[in-house]
Amino acid sequence: MRRTVAFLLVAAAGTAGCGEESTPLPRDPLEPYPATGVTRTVELTVKETSWEVGPAAVYNAVTYNGQIPGPPIEVNAGDHVVIHLKNETKEPHSIHTHVVKFAKASDGTDDSVVAPGETGTVEWDAVFAGSFPYHDHADEAQGITKGLIGMLIVHAPDEKPATEHQVVLADFDPGNYASLPGVADPVTGEFPDGGTYHGGHQYMHTINGKGYEDAIPPFLGNVGDLSRWRVISIGTEFHTWHIHGHRWLGGDGQLTDNVALGPGQYTTFEFEEDNPGDWLIHCHVPTHMEGGMMARYVVSP
Amino acid sequence: MRRTVAFLLVAAAGTAGCGEESTPLPRDPLEPYPATGVTRTVELTVKETSWEVGPAAVYNAVTYNGQIPGPPIEVNAGDHVVIHLKNETKEPHSIHTHVVKFAKASDGTDDSVVAPGETGTVEWDAVFAGSFPYHDHADEAQGITKGLIGMLIVHAPDEKPATEHQVVLADFDPGNYASLPGVADPVTGEFPDGGTYHGGHQYMHTINGKGYEDAIPPFLGNVGDLSRWRVISIGTEFHTWHIHGHRWLGGDGQLTDNVALGPGQYTTFEFEEDNPGDWLIHCHVPTHMEGGMMARYVVSP
Amino acid sequence: MRRTVAFLLVAAAGTAGCGEESTPLPRDPLEPYPATGVTRTVELTVKETSWEVGPAAVYNAVTYNGQIPGPPIEVNAGDHVVIHLKNETKEPHSIHTHVVKFAKASDGTDDSVVAPGETGTVEWDAVFAGSFPYHDHADEAQGITKGLIGMLIVHAPDEKPATEHQVVLADFDPGNYASLPGVADPVTGEFPDGGTYHGGHQYMHTINGKGYEDAIPPFLGNVGDLSRWRVISIGTEFHTWHIHGHRWLGGDGQLTDNVALGPGQYTTFEFEEDNPGDWLIHCHVPTHMEGGMMARYVVSP
């Protein structure tokens with residue numbers, strides 16, 4: 001599997017004693033970072049929220065702390081994370097994450113689901129660096145679709161300083177909107193004020209909890225940045241993330257400007273920012289683009 | 001394309017004569033293993049099968065040897081494989097595989113499709129190691145959806161001993177079920193006994209031919225295992241394979257716990273098992289999770 | 001991120017002075033090729049076209065130069081590309097590409113959209129090698145679905161001579177066909193002459209602008225070729241590209257014969273051709289295979 005990389009590391013080490021100065025071996029990503037001794041405590045409340053996805057587009061959401069995505073949980077590799085989850089709704093909910101170490105008792109399933117009205121605690125060892133989703137796992141994926149999603153960011157100690165951008169890609173249920181532009185209320189027959197009717201798939205696909213350029217805050221950068229992107233896909237669909245005017249090395253060693261991420265997948269990539277402009281940034285699936293997953297990345301010279 | 005890896009191999013070789021002990025070069029995955037001289041003969045019969053996917057969920061399947069997936073074909077790299085395919089149905093069927101070497105005459109298409117009532121033979125040189133799908137290819141993908149799928153495992157000679165897990169992800173046609181829990185027979189109007197109604201997409205997405213935790217045999221492991229996963233996706237949908245509480249190095253060099261596989265794709269990965277518990281393991285696409293693609297991975301301490 | 005590869009490059013360089021002949025370092029794919037001083041000028045006209053996708057399957061297309069895909073734009077890395085886009089339709093259209101360098105003013109969005117009846121110019125620096133899509137971006141993805149798609153090929157200076165195959169995967173809107181085999185005209189009630197009825201999803205999924213083996217020109221090769229495949233996926237769906245009887249090293253270091261590409265994704269791979277025959281080559285998604293995305297790769301001995 002990883003034999004090629006492993007061998008090359010050995011070969012490089014084997015030649016290090018050949019009269020040249022020793023070069024340090026690269027770090028194995030599977031090696032946990034040592035504990036920092038720091039514990040970060042996070043207070044999250046699960047609550048029903050009328051979440052504005054865009055003008056006149058209001059979602060009957062269930063959220064962490066009243067927002068979609070929930071607040072970023074940002075820690076250093078090696079930190080211990082304690083999460084107190086208070087459930088103010090009438091359904092069980094939880095918090096589950098990916099990759100970082102936790103025991104079964106902190107998985108956000110089975111015994112770590114928090115009953116209505118209760119508070120539960122889970123604990124993670126954030127000993128692996130990267131960008132990972134956190135989300136509800138109480139009733140399979142129902143909570144994900146309602147808005148119980150967020151990002152866990154674990155900074156490696158030797159991470160280069162960068163301008164970081166967080167991207168949470170999600171899919172919302174059109175039947176769960178309290179109001180949508182241009183759509184009559186099924187009970188009263190009234191249309192909401194304002195907003196723009198975007199077609200049948202409107203507001204089904206969101207970036208950072210919002211739909212369309214007029215609601216999604218633009219990503220901001222400057223020429224000369226080390227531009228780092230932390231992207232999680234945590235909805236029902238397979239998405240791509242495409243940045244106009246830019247390129248980076250994909251996981252397969254080929255240049256790319258359009259990375260694919262299925263539900264529950266995540267990636268972190270970076271590039272040297274060198275191209276000023278007001279660039280489109282979006283999922284390249286046409287119905288998703290048209291359904292809200294289109295934003296701007298504004299790079300100042 | 002692969003220039004970077006190729007160069008590094010050359011560089012490592014070029015420095016090997018520098019007074020240091022020679023380190024063996026890694027094996028090029030594209031180099032066929034030498035013939036072992038062993039021929040493995042496999043007898044497969046294609047037959048109509050009432051296949052129980054779960055309690056009260058019975059599929060009008062067509063199978064290899066009465067089971068979904070068909071029996072694993074497990075050989076050593078370099079073995080010659082001879083498959084006698086007997087077709088006991090009224091439609092043409094075949095067996096086709098991926099990556100391992102075969103001539104056009106053994107491709108499972110055109111002249112190697114087996115007519116109803118006949119027996120045909122195909123031969124493969126299993127000279128590449130890995131985990132690959134085998135499946136019907138007589139009438140495009142009709143046979144795949146009926147259940148004519150299975151896994152070919154080719155063990156490399158230097159493979160480390162591991163606890164292996166085989167995962168076959170498939171998608172079944174709801175219109176092809178003889179019975180489904182909570183659904184009245186369209187002719188008699190009667191409901192089947194037993195089973196649990198799982199919603200509209202029930203039993204459309206399966207793991208190793210079964211749906212839901214109560215029917216899919218749990219995957220079993222022990223702390224200290226080298227845990228090796230052979231995963232094939234051989235249905236109609238793009239899936240992911242997510243293991244709670246664990247992580248491995250993805251193909252892009254980043255840590256992952258959730259690999260994506262489209263129809264006809266396959267992967268093999270492994271990790272050191274270190275986390276006891278009764279873990280959920282599933283496709284992370286919500287409708288697939290809810291449609292049956294959810295199981296357990298039980299790790300004993 | 002790319003620390004492992006970067007380190008290994010440094011280590012190899014560090015050992016180069018150890019009495020051995022210097023081995024050249026591999027090229028960083030992110031490094032732009034130097035300007036060649038050559039400018040290639042391309043004249044493209046956007047026009048409404050009745051495009052025959054197959055017998056009796058005629059698409060109400062909008063095309064670059066009357067064909068789907070548009071003419072390949074084939075240049076050397078380092079060339080400057082000037083595109084004059086003349087819009088002979090009644091809707092705004094544009095040309096946008098991926099990865100190669102351009103300023104915002106040549107992005108094919110906003111100010112570089114060409115109004116009906118006008119001609120506009122965009123300029124790209126093709127300083128990165130590979131195979132990339134070009135496509136309309138005037139009204140999100142409407143133009144893509146109508147047929148405004150094509151391939152940009154940028155040859156690296158040290159590219160080995162190969163037999164090259166260009167593959168453009170696209171998805172067409174069934175509601176946009178002027179005629180389909182076996183389907184009565186909604187106005188006249190008449191059936192078209194000829195063609196073969198392929199089922200409900202017929203002609204929704206195409207290879208190089210055509211559907212099914214009888215219309216898609218076969219790919220042709222010879223044993224002994226270096227067989228290079230340039231594949232872009234530029235429709236609405238996630239596809240795979242599967243070649244029977246062959247294999248290559250996938251981006252994750254494992255052998256594959258079936259690569260996945262979402263909308264707007266692209267890849268280039270190659271293998272030594274060694275297997276004569278009339279091979280099937282197709283997307284492995286069953287509805288796409290059945291919908292037209294099935295062709296032949298004929299390898300002569």
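The values are calculated or read from the model by the stated rules, or taken from the named source; none is laboratory data. In this text, all values refer to a predicted model and were calculated from it rather than measured experimentally. Cβ atoms come from the backbone with ideal geometry, glycine included; neighbour counts cover every protein chain shown. Areas reflect the complete protein model, heavy atoms only, side chains present, ligands, DNA and RNA absent. Shrake-Rupley method; radii C 1.70, N 1.55, O 1.52, S 1.80 Å.
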For the range C:241-264, name all the residues that are closer than 30 Å to C:D136 by Cβ and over 13 Å from the mean Cα position of the chain (by Cα). C:H242, C:I243, C:G251, C:N258, C:V259, C:A260
Considering residues of the range C:122-142 that are charged (D, E, K, R) and assigned to a strand (DSSP E or B) only, the residue nearest to A:H246 (Cα to Cα): C:D125
Checking B:V187 against (1) at pLDDT below 95; (2) among the hydrophobic types (A, V, I, L, M, F, W, C); (3) closer than 27 Å to C:G292 by Cα, the condition it does not meet: (3)
Any residue at all in the range C:99-110 that's more than 23 Å from A:G250 (Cα to Cα), among the aliphatic types (A, V, I, L, M) and surrounded by 14 or more Cβ atoms within 10 Å (Cβ to Cβ)? no
Considering only residues that are within 14 Å of chain B (Cβ to nearest Cβ) and within 18 Å of C:E31 (Cα to Cα), which ones fall in the range A:239-253? A:W248, A:L249, A:G250, A:G251, A:D252, A:G253
(1) under 24 Å from A:E270 (Cβ atoms); (2) within 14 Å of chain C (Cβ to nearest Cβ): which one isn't true of A:P217, the others all being true? (2)
Filter the range C:114-137 down to residues that are β-branched (V, I, T) and over 26 Å from A:L255 (Cβ atoms), then give me how many there are. 2
Residue identified as over 16 Å from the mean Cα position of the chain (by Cα), open to solvent by 40 Å² or more (accessible area, probe 1.4 Å) and either more than 12 Å from chain A (Cβ to nearest Cβ) or not basic (K, R) (or both) among C:N60, C:N87: C:N60
Those residues of the range C:70-84 which are over 14 Å from C:V100 (Cβ atoms) and open to solvent by 20 Å² or more (accessible area, probe 1.4 Å) amount to C:P71, C:P72, C:H84
When the range A:218-255 is checked residue by residue, the ones that are among the aromatic types (F, W, Y) and touching a Leu at 6+ places or on another chain (Cβ under 8 Å) are A:F238, A:W241, A:W248
When A:T119 is evaluated against the numbered criteria (1) away from chain B (no Cβ under 14 Å); (2) open to solvent by 10 Å² or more (accessible area, probe 1.4 Å); (3) under 18 Å from the mean Cα position of the chain (by Cα), which criterion, by number, is the only one it fails? (3)
Would you tally the residues in the range B:138-151 being touching a His at 6+ places or on another chain (Cβ under 9 Å), at pLDDT 95 or above and open to solvent by less than 10 Å² (accessible area, probe 1.4 Å)? 5
Check on C:E290, farther than 28 Å from B:A129 by Cβ and at the interface with chain B (Cβ under 8 Å from one of its Cβ atoms): yes
Might you check whether a residue that is within 7 Å of another protein chain (Cβ to nearest Cβ) and touching a residue at least 40 places away in the same chain (Cβ under 8 Å) occurs anywhere in the range B:279-286? yes
Residue identified as in contact with a Ser or Thr (Cβ under 8 Å, 6 or more places away or on another chain), open to solvent by 80 Å² or more (accessible area, probe 1.4 Å), away from chain B (no Cβ under 14 Å) and modelled with pLDDT of 50 or more among A:E43, A:E48, A:E52: A:E48
On the basis of being facing chain A (nearest Cβ under 9 Å), surrounded by fewer than 19 Cβ atoms within 10 Å (Cβ to Cβ) and not charged (D, E, K, R), does B:P276 make the cut? yes
For the list (1) open to solvent by less than 10 Å² (accessible area, probe 1.4 Å); (2) at positive phi; (3) under 20 Å from the mean Cα position of the chain (by Cα), I need the number of the one condition that A:G130 fails. (1)
Which one is farthest from the other protein chains (Cβ to nearest Cβ) among residues in the range A:254-270 that are part of a loop (DSSP other than H, G, I, E, B) and not acidic (D, E)? A:Q254
Select, from B:D28, B:D107, the only residue that is within 24 Å of C:R247 (Cα to Cα) and free of Cβ contacts under 8 Å to residues at least 12 places away in the same chain. B:D28
